[in-house]
Amino acid sequence: MNIKALIFSAIISFSFVSLPHQNSFAQSDLSESSSNLVSPETKIDYSNLENYLKNKEWREANNETRNIILSATGRMDIGWVRENDLKKISCEDLKKIDDLWYTNSNGRFGFRVQLPIYIETGNRPGKLIADDAYSRFGDRVGWRKDNDWIIFIENLNFTDNAPIGHLPNPRSEYSVTGGRLAYSVLAERMVQCNLN
């Protein structure tokens, strides 16, 4: 082997020996930051939600929020949640979802944005009020158009211009049955978890 080939071989060997050490450092940094995105209580991983939100991929973030709510309520295999299931979402999970939405939307989206609007429009968390109060809420957050509820999967506004409080959407995107009752239960859970 000539000297040039020997030096080249040594450089290549050194590169491969050094690479795992550099990767393990990068992985330890990554695992440190991502450990803050895994719920110690429920083991739910929020890294996908955070990535979607940071990249303003609102549709994907809404779908990921759906998956997180299904996981948090133990209903992932079933694919939908009932009102009673919403009562089981841990405050830690509800706050994490809300914090990620609120922070990454510059305060436009999140449960803490929706809750005051819900109350201002005459609704009461945990109590069923007349349909018109819930309709006013839907009008304010853009879930209703032309005096009717939108078809959520097709007509949600996944842009930065969406009305304040438009996302995340807890109706059919989360496969929540009941609409008004379900949101009332979710709003009650928001109050219990101090999201207001």
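Against the compact-protein benchmark of 2.2 N^0.38 Å, the Cα-based radius of gyration of the stretch 102-154 scales to 1.20.
Annotated for the stretch 45-192: lysine pairs at least 8 residues apart or interchain, Cα distance under 17 Å, count 5.
Just so you know, all these numbers are worked out from the coordinates, no wet-lab data involved. This structure is a prediction, so every number in the text was calculated from the model and none was measured.
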